[in-house]
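The values are calculated or read from the model by the stated rules, or taken from the named source; none is laboratory data. Treat the numbers as computed from the prediction; the structure is a model and nothing was measured. Backbone-built Cβ (ideal geometry, glycine too); neighbour counts: all protein chains shown. What goes into the accessible areas is simple: the full protein's heavy atoms, side chains included, and nothing from ligands, DNA or RNA. Shrake-Rupley method; radii C 1.70, N 1.55, O 1.52, S 1.80 Å.
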Amino acid sequence: MDDSRKVEDPSDIAILIVGTGDTKSAELLFIAETVRQAGGRPVMMDVSVLKDPPYVPDYSRFDIAESAGVSMDDIIHSGDENTSMALMATGAMALAERLYLEGEIRGTVLLGGSMGTDLALDVAAVLPLGVPKLLISTIAHSHLLPPERISPDLMTILWSGGLYGLNEICRCILSQAAGAIVGAARHGCKPRKDKPLVGMTSLGSSCLSYMKILKPALEARGYDVAVFHSTGMGGRAFEAIAAKRGFAAVMDFCIQEVSNHHHGTVVTSGADRLENAGLAGIPQIVAPGAIDMIDLPAWQVMPAHFADRPYHVHNRLLGSVTSTVEKRRELARLVAEKLMKGKGPRAFLLPLTGVQEWDRAGEPLHDPDGHIAFIEEISTSLPDDIHLERVDAHINAPEFAERALAIFDAWVAEGVIPKGQP
């Protein structure tokens, strides 16, 4: 898929509007009219199952079924509403992707309750980064939405008061969404890809700071560098882009989300964190940044099983406890298992004196026994085809960044990583 493709007529702001017209016709028609008023051209895709909407869509439910390779009757009698909508999602994805590739749409707005949102997430995911996509949902910003289903650039707005029929609150929300998607389609830029892109993970610079050295150094070498904030959704975006081979190389130095998911917190990037770059064959330089921490919502009551652990409140949203010695060993084995799935060159940098700023002596998350346990376990768990390099320094020390750059430069010299473009 060529993300740099251009629509021939830049004045034609065609917006794909996706929803179930049989139950939400008033809302969808209101969105369409507001898109027109904003200077866009609505393209209506109906994903209803049981009956047609009271208007003629550009793409009907029968078109969706055909795109899914089945008949509408097959979908209706597929078993239940879940399987029916899953088939509709398959067809909607295929049709939306084709419309984009053929230059027929420049963005999409998707409307749904829980059922429509399930389908909408699939449609948004098939459109590449840079194609404006906005979800209007009754469950927007909810923990019902698993991180791995959310596109890196998906915009969402809560469909307040919009479960059944139009009202003034609903009109306000829908009109904002319609105006936003037209504006994004008109003025939003897509990735230029004129320089190789390096993906890097980190936390806020009070916890991890190596990017302050690495980003300018890599840019001076002719690379574009994207640093992802590893607090759940940042890692999800990183994984989604890696899965589509969007990086020339990765410096995945904050893998704390692996710990979060392993401990069952809501601050997760999904079960496949630390896997997609390797599966795509992208060169990986990995380090255990903040692997000792477990993030928790600071506004919730501390779970009882964490109550005796060292705790650091970062702000009113986010706090962190440390994992136990036993869990550090489990995490080391889990990290090794994930890296063993990789197909490309892999290196693991192991800082011997600390993996985040608050684990230093005198800081609230200092736990030398836990750190030693991780070092011991990862040293014996990694296979020989993954280069293990011990760095006698803290992860925030210049020596760590220097070793990362040395590996990176060696891989460039060997042709493993494409050369930068000054």
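For the range 194-209, a residue qualifies if it is open to solvent by 10 Å² or more (accessible area, probe 1.4 Å) and either in a loop (DSSP other than H, G, I, E, B) or modelled with pLDDT under 95 (or both), and the qualifying residues are D194, K195, P196, L203, G204, S205, S206, S209.
For the range 370-398, a tally of residues being within 23 Å of M293 (Cα to Cα) and not in a loop (DSSP other than H, G, I, E, B) returns 17.
Checking each residue in the range 314-358 for being aliphatic (A, V, I, L, M), over 21 Å from I285 (Cα atoms) and either part of a loop (DSSP other than H, G, I, E, B) or touching a Gly at 6+ places or on another chain (Cβ under 9 Å) (or both) picks out L317, V325.
So, E389, is that one open to solvent by 40 Å² or more (accessible area, probe 1.4 Å), within 16 Å of F348 (Cα to Cα) and at pLDDT 95 or above or not? When the stated conditions are applied, E389 does not pass them. When the residues of the range 218-228 are narrowed to those that are in contact (Cβ under 8 Å) with a residue 40 or more places away in the chain and buried (at least 17 other Cβ atoms within 10 Å of the Cβ), which ends up farthest from A242 (Cα to Cα)? This residue is R221.
Okay, residues lined up against (1) open to solvent by 10 Å² or more (accessible area, probe 1.4 Å); (2) acidic (D, E); (3) at pLDDT 95 or above:
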position: V123; (1), (2), (3): no, no, yes
position: L127; (1), (2), (3): no, no, yes
position: L135; (1), (2), (3): no, no, yes
position: L144; (1), (2), (3): yes, no, no
position: P147; (1), (2), (3): yes, no, no
position: L154; (1), (2), (3): yes, no, yes
position: Y164; (1), (2), (3): yes, no, no
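For L317, the conditions (1) within 19 Å of Q256 (Cβ to Cβ); (2) open to solvent by less than 80 Å² (accessible area, probe 1.4 Å) all hold with the exception of (2).
Using the structure shown, decide if D3 is open to solvent by 50 Å² or more (accessible area, probe 1.4 Å), modelled with pLDDT under 95 and more than 26 Å from L158 (Cα to Cα). Spelling it out, it is not the case that D3 is open to solvent by 50 Å² or more (accessible area, probe 1.4 Å), modelled with pLDDT under 95 and more than 26 Å from L158 (Cα to Cα). Please enumerate the residues belonging to the range 159-193 that are touching a strand residue (DSSP E or B) at 6+ places or on another chain (Cβ under 7 Å) and either outside any loop (DSSP other than H, G, I, E, B) or in contact (Cβ under 8 Å) with a residue 60 or more places away in the chain (or both). Scanning the range 159-193 gives I173, L174, Q176, A177, A178, A180, I181, V182, A184, A185.
With a requirement of 3 or more residues that are touching a strand residue (DSSP E or B) at 6+ places or on another chain (Cβ under 9 Å), the helices (runs of 4 or more DSSP H) lying completely within the range 34-106 that satisfy it span 61-67, 81-101. Run N82 past the list (1) of a type in the set (S, T, N, Q); (2) open to solvent by 60 Å² or more (accessible area, probe 1.4 Å); (3) at pLDDT 95 or above and report the number of the one that doesn't hold. Going through the list (1) of a type in the set (S, T, N, Q); (2) open to solvent by 60 Å² or more (accessible area, probe 1.4 Å); (3) at pLDDT 95 or above, N82 breaks only (3). The single condition among (1) of a type in the set (A, V, I, L, M); (2) closer than 17 Å to C207 by Cα; (3) open to solvent by 20 Å² or more (accessible area, probe 1.4 Å); (4) outside any loop (DSSP other than H, G, I, E, B) that A361 does not meet is (4).
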